[in-house]
Amino acid sequence: MTASSESSPALSSKKWLGLVGLALLMAGLGFILWRIFAGRGNPEMMGPPAFPVKAERLQRSPLEDSSEFIGTLDSQAGVSLQPEADGRVVQVFVSSGDTVSAGDPIMQLSSQRSQADYSGAIANVSSARSARDAARSQLRAAEERQAQLQADLQLQQSDYERTATLVAKGALPKEQLDQVIRDRTVASAALQSAAQEIQALGSSVEGADATLAQAGASADATQQDLLDKTVTAPIAGIVGDIPVKLGDYVQAGDSLATITQNQDLEINLSVPIDQANRLRTGMPVELMLFGSDETIASGNIRFVSPTTDAATQTVLAKARFSTPKQPLQDDQRLEVRVIWD
């Protein structure tokens, strides 16, 4: 009796659990069947509509093997303007950032000689040239007279010989021969005088040539002094920093300004030594601004250093390019993508 009483509550509990589980199972099946049959008549009860899907064939494409480094631009043409003589800055014709052509004046320094001095020197040259030309003209006229006198003397000599023959034969009086002799003597004296005049005029021409040369040298020196004080652009490019201002006194060799050409640029990049063995001349490179994937210029590696930088353990490579999509400047830093072969 005691054992039967203790097992009766346990059996009742298991019976109730079984009934509850069976009820839940029947409820779940009923809900599922309701969804299926109800959805057939009500589209809202159905799932989302199907969409057409286009199937495409995948194609193979090689992956680009590349690495990115930091590079620094280096202009291939740039000059530092320096005066050839001391002077004070009296005029600056340009400003930083201006574009100039070769020969354009950049700066004017004070000069010991003025433009008026140069104009006077040119006038002296003109005067000396006129004097030289006049002396040469006189010399030519004297030489022409000498030739005429030479012909006259030859004529007088022929007349003397003919007259002397006739006088010896008694055909002419001796007085006529005396007159011919006097005429011949006068012609000879005139010829000697002409020779002396030509010699003097020759010396005058030499002196005029020397005076003209001296005047020309003085004019050239004056002009050079003015040119030395005018600093001009030796190349076309963009004017950089101008560290001097009006009134500053500068000496020969001081830096007055810089001019840089940014049309043709070269970029220097340092490649870690563990990747340097992959570098080859001719490899393509692409330049990008920091934070952008857009390529603004492309070029090729033209130089790979045969040595390693001991401090950084990198190898220097240089690539040249031109016509970038946007203006670039000397010493600008960019991202460089090296495309390995």
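At a glance:
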read-out: Candidates Ile273, Ile301 - the one that is of a type in the set (Val, Ile, Thr), more than 30 Å from Gly97 (Cβ to Cβ) and in contact with a Gly (Cβ under 9 Å, 6 or more places away or on another chain); value: Ile301
read-out: Residue list for segment 255-274, restricted to those being modelled with pLDDT of 90 or more and either in a loop (DSSP other than H, G, I, E, B) or not β-branched (Val, Ile, Thr) (or both); value: Ser255, Leu256, Ala257, Asn268, Leu269, Ser270, Pro272, Asp274
read-out: Qualifying positions in segment 68-87 - surrounded by 15 or more Cβ atoms within 10 Å (Cβ to Cβ) and over 30 Å from Thr314 (Cα atoms); value: Leu81, Pro83, Ala85, Asp86, Gly87
read-out: Criterion violated by Gly202 - all others in (1) within 30 Å of Ser75 (Cβ to Cβ); (2) part of a helix (DSSP H, G or I) satisfied; value: (1)
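The values are calculated or read from the model by the stated rules, or taken from the named source; none is laboratory data. This one's a predicted model, so the numbers in the text were calculated from it and none came from an experiment. Don't worry about glycine lacking a Cβ; one is built from the backbone with ideal geometry, like all the others, and counts go over all protein chains shown.
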